1. Need a quick list: helices (runs of 4 or more DSSP H) entirely within region 163-259 having at least 2 residues that are at pLDDT 85 or above and more than 14 Å from the ligand (Cβ to nearest atom).
2. Which of the residues spanning region 378-400 are touching a helix residue (DSSP H, G or I) at 6+ places or on another chain (Cβ under 7 Å), under 28 Å from ILE581 (Cα atoms) and not basic (Lys, Arg)?
3. From SER217, SER242, SER232, which residue is over 26 Å from the mean Cα position of the chain (by Cα), more than 20 Å from ASP313 (Cβ to Cβ) and among the hydroxyl-bearing types (Ser, Thr, Tyr)?
4. Return yes or no: is LEU374 within 30 Å of ASP137 (Cβ to Cβ), buried (at least 17 other Cβ atoms within 10 Å of the Cβ), within 15 Å of the ligand (Cβ to nearest atom) and modelled with pLDDT of 80 or more?
5. Got at least one residue in region 271-283 being modelled with pLDDT under 85 and within 22 Å of the chain's Cα centre (by Cα)?
6. When you look at LYS220, is it without any contact (Cβ under 8 Å) to a residue 40 or more places away in the chain and buried (at least 17 other Cβ atoms within 10 Å of the Cβ), yes or no?
7. Taking into account only those residues within region 330-341 that are modelled with pLDDT of 85 or more and over 25 Å from the mean Cα position of the chain (by Cα), which is surrounded by the fewest Cβ atoms within 10 Å (Cβ to Cβ)?
8. Do the conditions hold for LYS130, that is, is it of a type in the set (D, E, K, R), assigned to a helix (DSSP H, G or I) and surrounded by fewer than 15 Cβ atoms within 10 Å (Cβ to Cβ)?
Amino acid sequence: MQRLARDSPPILEDLRLLQPPIDNLENHARTHARTHIQPRPPKMAPKTTQLPTRKGPISQLIGPFLRLSIPFLATAAIFNCGKDAFLKSTSLKVIFVISTLVTLEGISGFQASVSSYLSGCTPPARYPHKDPILGIDLFNAALKALKSNHLLDLFHKQCQTIAATFSYSSLGTDAIMTVEPENMKAVLQTNFEDWPIMGPRKDALAPLLGDGNIFQSNGKQWQHARAMIRPSFVRDQIADLSCFEKHTKNLINKINEEAAIDQGEGRPAGTVDLQKLFFNMTMDSSSDFILGRSTNILTTGCPETLAFNDAFDYALLVSATRGRLGKLSALIPDKKFDSSVQIVREFVAHYVQEAIDMQRSAKSIPAERQYVFLTELLKSGHFEKEFICDQVLGIFLAGRDTTAAVLATLFWTLARRPDAVERLRKEIFEKCDADKMPTWEDLKNMTYLQHCIKEILRLYPPVATNSRGALRDTILPVGGGKDGKSPIYVRKGTILRWTSYTLHRNKELFGEDAEEFNPDRWNKIRPTWEYIPFNGGPRICPGQQFAITQVSLVAVKLLRAFKHIRARDDRELLQRVSTTISLPNGVWVEMVPANA
Ligand code: HEM
């Protein structure tokens, strides 16, 4: 039997991250915060270096034993037919091969059940498949929901009607869905090393982001990428808001410009789609921050940068779809995808080469600002061009769409909550001079604003669903048995999926109004693994402070410049799930200037 899960040694550089994934913006408020999240009975992940001594229910052996015995009997029956009959009959040969394969799988399943029994584990609830082997029924249902932008609702419903943890077949691969905080802690922190990035996501993003990318890699390769990237997120850079300020000004100008033009698509006059502008703005600010030169899509964007933007969007969309459909989808030729990947990688490679040359000749990149992420990366002394390109593209992926998604959902919500807009404007005018650019401290001290952002990250986490794979046989602390409280034995190769969208809406944890936007709940609650918009453990998002600062600054500037934000449609908020979420209906609003 494979070694069971064990306590993962922390990666030294990330020791301080091995706490629950809280953000630091309001630590001072936290010290006296009271939680109304009812702590569950303190059931910790089993100490995985030592097996639990108690045994699990013996009934779990019956099913696997029957599944093993049927093909075994079929194989034995074929043997009994005699050598001549076997050699003559093609169908007997086919049945023999199939039954042997099923028997081998049955042996492995039975072995796992014995290990589960001996380690005191109980299997979780099972998805009621019509096709229990490949799980095509569930695959089709997920595909349909993905197309109609209801995938998160589907996962939510499944977790509510089946169980908070259930097993299923993902096109023939064993898979588990869980929304249990204790399991999240085990996967992302306690047993981190048992749960690397695995499965379709890894393969699907490789052509665009490269193999050495931080999002794709595991083990030493990931540690290397992480060690290189982490020092670049220094406090000085987070506090240097001038880069975002410029792009936020461009955004405000663009909003006024677009409001004056008829946008078509049946939009009432004066309507602006904020989502589209947020995505353009975060591309401008990301390129500025990462490469030292902005794509300036909101202002003067040239054909080359516009082509990069479009190619990046397309390549990402296809990668995300391939990640969901599995390996086979990558075999379907898509010339537009190939050329998009080429455009994106060549664009970035140009700037990386330039930066390497500059660094070698001890010159600095001709940037508009002093802090450039690429320069900081090269300070690690690592000049391997492809590897640097991989990391740069990873930061584009991480930084652009996530921040734009938070802004889109925040402003979609504010457009329907004039009370929140009023409170936010009051706080902003109280805490920061109108003619002064807010500092990092000013933003941090705007408690209501920070609570609104936390609430949006709770209701609409940009990385709404995620996965890992079991590197070896291991144990999840909860989810087994009828009450879902027993540990679960997980076989090597099993894919584990979770959805923060559902995790964050648990009424037991967040109260009866869990589905509602209520920023004031953050005065009282102090969740840990129940709230993981940035994940947790050694792979926690290194850009979280950076992202929150950027979102805060954009919100402050917009709420100063516009006194009312009015919704211009009454369509429901749908979420398109790609690598991050976006709103297929956009954010149609009327922005009323403060001086109007
Ligand atoms: C609100 C905005 C953001 C959210 C919600 C967010 C969320 C996340 C999540 C959930 C992960 C974990 C992914 C996984 O392990 O599967 C992650 C990883 C990461 N994020 Fe963010 N992120 C945000 C913004 C940013 C920004 C602005 C940057 C950089 C500019 C960034 C850089 C990264 C990097 C480099 C990783 C990979 C970490 C690793 O694997 O070690 N993120 N982010």
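The values are calculated or read from the model by the stated rules, or taken from the named source; none is laboratory data. As the structure is a computational prediction, the values presented were derived from the model and not from experiment. Quick reminder, even Gly has a Cβ in these numbers, built from the backbone with ideal geometry, and neighbours come from all protein chains shown.
1. On the way: elements: 181-185, 200-209, 219-229, 235-239, 242-259.
Those helices (runs of 4 or more DSSP H) span 181-185, 200-209, 242-259.
2. Start the filter on region 378-400 by keeping residues that are touching a helix residue (DSSP H, G or I) at 6+ places or on another chain (Cβ under 7 Å), which leaves 378, 380, 382-383, 385, 388-397, 399-400.
Filter once more, keeping what is under 28 Å from ILE581 (Cα atoms): 388-397, 399-400.
Listed by number, the residues that qualify are ILE388, CYS389, ASP390, GLN391, VAL392, LEU393, GLY394, ILE395, PHE396, LEU397, GLY399.
3. Details: SER217 fails: over 26 Å from the mean Cα position of the chain (by Cα); SER232 fails: over 26 Å from the mean Cα position of the chain (by Cα).
Selected residue: SER242, the only one of SER217, SER242, SER232 that is over 26 Å from the mean Cα position of the chain (by Cα), more than 20 Å from ASP313 (Cβ to Cβ) and among the hydroxyl-bearing types (Ser, Thr, Tyr).
4. Numbers: within 30 Å of ASP137 (Cβ to Cβ): no; buried (at least 17 other Cβ atoms within 10 Å of the Cβ): yes; within 15 Å of the ligand (Cβ to nearest atom): yes; modelled with pLDDT of 80 or more: yes.
No: the conditions fail for LEU374.
5. From region 271-283, those modelled with pLDDT under 85 are none; that's our starting set.
So far as region 271-283 goes, no, none of its residues is modelled with pLDDT under 85 and within 22 Å of the chain's Cα centre (by Cα).
6. Values: without any contact (Cβ under 8 Å) to a residue 40 or more places away in the chain: yes; buried (at least 17 other Cβ atoms within 10 Å of the Cβ): no.
Against the criterion (without any contact (Cβ under 8 Å) to a residue 40 or more places away in the chain and buried (at least 17 other Cβ atoms within 10 Å of the Cβ)), LYS220 does not qualify.
7. Residues of region 330-341 that are modelled with pLDDT of 85 or more, as a first pass: 334-341.
If we keep only those that are over 25 Å from the mean Cα position of the chain (by Cα) as well, we get 334-336, 339.
On the way: ASP334: 16, LYS335: 7, LYS336: 11, SER339: 13.
Filtering first and then ranking leaves LYS335.
8. Values: of a type in the set (D, E, K, R): yes; assigned to a helix (DSSP H, G or I): no; surrounded by fewer than 15 Cβ atoms within 10 Å (Cβ to Cβ): yes.
Taking the combined requirement at face value, the residue does not satisfy it.
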